[in-house]
Amino acid sequence: MSHEKRRQRNQNNELHSHGLDHLSDKDLLFLIENYVIGKQDHEHIANLIKGKTDIIAQMVDSDRVFEKVMHEGGIMLHTSPCFLFTLLLRRVFKLKKDDKDFIDDVVEELNCTEQVYPWNRGKVMQLLNSTNVANYLANMLSMFAQTARLDKIEKDDAEQCRYIIDMIKESQRADNVRRFYIYCYIGNYTLFFTGMFPEYLEHQFKYKKTLIDSRYYIDFGKTYFGLASEHEMARQHELDETLYSLSEGFEIIAKLLQYMRTEYLMSYNPKV
């Protein structure tokens with residue numbers, strides 16, 4: 001396989017919103033071991049349900065598995081980061097669909113800004129019902145769990161891009177395929193920091209007297225997810241609708257990530 005094709009394959013694997021039908025054998029076995037009561041042949045069950053997303057979803061969404069993840073030690077040793085983020089994000093999306101105050105607040109907040117198409121409850125619910133968006137986010141977070149990826153657009157890049165302006169300059173001189181990945185990376189990078197580290201952005205703005213606040217990240221994130229959604233590579237890999245949703249609903253998704261971090265990750269206190 002040529003270097004170029006290998007590069008594209010690696011990038012496609014990171015971008016694609018792999019869902020419950022693509023759980024690794026390790027993740028699936030962990031799920032079954034913590035869902036099924038009694039001594040049973042877990043590997044046999046795994047073979048029976050592999051790829052059956054309706055059954056797997058019921059198991060992932062169960063309180064039993066959630067409590068096991070939150071209170072048992074060593075979760076990161078037994079599962080992939082993508083599994084953990086998938087479980088947590090599915091729970092957050094489900095909770096917020098039933099949170100009338102949250103939905104009303106985001107509709108009011110978004111409609112105070114200049115929106116091409118006004119938001120309403122139905123539009124928010126459509127976003128919260130999108131498993132493709134949730135899956136994309138789980139893959140994005142697992143990618144950034146590798147700290148080396150915080151300043152590398154592609155996994156094998158030799159040079160680092162520490163600032164958004166550097167990424168934009170790189171996109172202007174890149175070929176068409178790499179430009180698409182840069183657009184996605186800028187969207188991912190800005191959403192990651194806005195959703196997972198909003199205090200860092202505000203601290204930088206307030207105490208270091210930079211001109212970069214959270215709105216700066218939001219505006220760039222919306223713009224570049226939008227550009228990515230219009231790229232031919234997005235249509236080729238069936239990511240156009242997902243990327244458009246990330247652009248249009250950027251602020252909502254950032255709030256969901258903030259909630260997940262505060263309620264689940266910061267309070268994660270397993271028994272070891």
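The values are calculated or read from the model by the stated rules, or taken from the named source; none is laboratory data. From a predicted model like this one, the values you see are computed outputs, not experimental measurements. Please note: Cβ atoms are built from the backbone with ideal geometry, for glycine as well, and neighbour counts cover all protein chains shown. Quick note on the areas: whole protein, heavy atoms, side chains included, nothing else; ligands and nucleic acids left out. Shrake-Rupley method; radii C 1.70, N 1.55, O 1.52, S 1.80 Å.
As an exercise, use a Förster radius of 30 Å and the Cβ-Cβ distance of His78 and Asp156 to find the FRET efficiency, rounded to the nearest 0.05. Kindly include the intermediate steps, with their values, before the conclusion.
Working: r = 28 Å, r/R0 = 0.95.
That pair, His78 with Asp156, gives E of 0.60.
With N denoting the number of residues in the stretch 152-252, provide Rg(C-alpha) divided by 2.2 N^0.38 Å, to two decimal places.
That ratio works out to 1.08.
Which one, Leu20, Leu246, Leu137, has the greatest fluctuation when you compute a Gaussian network model over the chain with C-alpha springs under 10 angstrom?
Evaluated over the chain, the most mobile residue of the options is Leu20.
Compare Cys184, Cys82 by solvent-accessible area with a 1.4 Å probe and give them largest first, with all protein chains kept in place.
Most to least solvent-accessible, the answer reads Cys82, Cys184.
Could you give the C-alpha radius of gyration of the chain expressed as a fraction of 2.2 N^0.38 Å, taking N as the number of residues it contains?
Normalised Rg, Cα atoms only: 1.04.
May I ask you to compute the full-extension gain from Ala145 to Ile165, defined as 0.36 nm times their residue separation minus their alpha-carbon distance, rounded to one decimal in nm?
4.9 nm
Please find the FRET efficiency linking Lys26 to Lys94, where r is the Cβ-Cβ separation and R0 is fixed at 30 Å, and quote it to the nearest 0.05.
Efficiency, from the Cβ-Cβ distance: 0.75.
Among Ile168, Ile252, Ile55, which one shows the highest mean-square fluctuation when the chain is modelled as a Gaussian network with alpha-carbon springs under 10 Å?
Sorting by GNM fluctuation, first place goes to Ile55.
Once fully extended, how much extra length lies between Asp54 and Thr113, figured as 0.36 nm per residue of separation less the alpha-carbon to alpha-carbon distance?
Between Asp54 and Thr113, full extension yields an extra 17.4 nm.
Which residue, Pro118, Pro81, Pro198, has the most motion in a Gaussian network model of the chain that connects Cα atoms within less than 10 Å?
For the chain, modelled as a Gaussian network with Cα springs under 10 Å, the answer is Pro118.
Over the stretch 89-241, what portion of Cα pair distances is larger than 19 Å, expressed as a whole percent?
Considering the stretch 89-241, 61 percent of its Cα-Cα pairs are separated by more than 19 Å.
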